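Read-outs: derived from the displayed coordinates by stated rules, not from any lab. Everything quoted here is computed from the prediction, not taken from an experiment. Here Cβ is always computed from backbone atoms with ideal geometry, including for glycine, and neighbour counts include all displayed protein chains.
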Amino acid sequence: MIVFDLQCKCGCQFEGWFAGRVDFDRQNDLGLIACPRCGGEKVRKILSPVAVYSGCGGRASKPAEGEQEITPATMVRFLRTVRHFVEKNFNDVGPRLAEESLKMRYGVSEPRNIRGTATADQEIMLRKEGIELLHIPLIGKDPSEPKPN
């Protein structure tokens with residue numbers, strides 16, 4: 001079994017349990033997945049929170065040969081690296097994300113890396129315009145990190 005976080009076009013977020021991705025796709029294509037709030041059948045998978053599983057019954061499992069063990073500390077370091085990369089390489093447009101994305105889509109402004117926030121309705125509109133957003137979980141700054149100049 002696998003749990004997917006889902007979102008309806010009304011903005012409601014909920015979970016669904018499936019035998020696998022193929023099972024989710026099949027049920028979604030047949031309109032068998034309904035929003036618990038509005039009953040709508042237009043749902044999509046959204047980014048799920050990250051969980052680290054370290055073995056059965058409290059015993060740490062050994063990684064397979066050639067694999068690196070993923071510990072909570074490793075995951076925190078990875079997410080901080082992602083946050084640093086995004087902050088350094090993407091222009092923060094804040095709540096103007098939808099507006100700026102549309103300007104780039106239709107050639108009003110030059111394409112560039114941007115980050116910001118959008119409402120559920122704005123995300124739906126952007127998807128209809130052919131613009132996909134990537135949700136990236138950003139972890140807080142490490143208190144020992146030097147402050148920017």
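Multiplying the residue separation of residue 106 and residue 46 by 0.36 nm and removing their Cα-Cα distance gives an extension gain of 19.0 nm. Here region 2-46 is treated with +1 on each Lys and Arg Cβ and -1 on each Asp and Glu Cβ, and its dipole about the Cα centre works out to around 160 debye. Which of rounded, prolate or oblate describes region 72-128 when judged by the alpha-carbon gyration tensor and an a/c cut-off of 1.5? Prolate shape, in that a/c is at least 1.5 and a/b is the bigger ratio. When the charge dipole of region 2-46 is built from unit charges on Cβ atoms (+1 for Lys and Arg, -1 for Asp and Glu) and taken about the Cα centre, the candidate among 4, 36, 16 whose Cα reaches farthest toward its positive end is 36. Estimated at 0.36 nm per residue, the fully extended path between residue 132 and residue 87 surpasses their Cα-Cα distance by 14.2 nm. Ordered by the count of other Cβ atoms within 10 Å of each Cβ, fewest first, 101, 144 give 144, 101. By the beta-carbon count within 10 Å of each Cβ, the least crowded to most crowded order of 22, 82, fewest first, is 22, 82. Per-residue Cβ neighbour counts within 10 Å put 141, 42, 88 in the sequence 88, 141, 42, beginning with the fewest.
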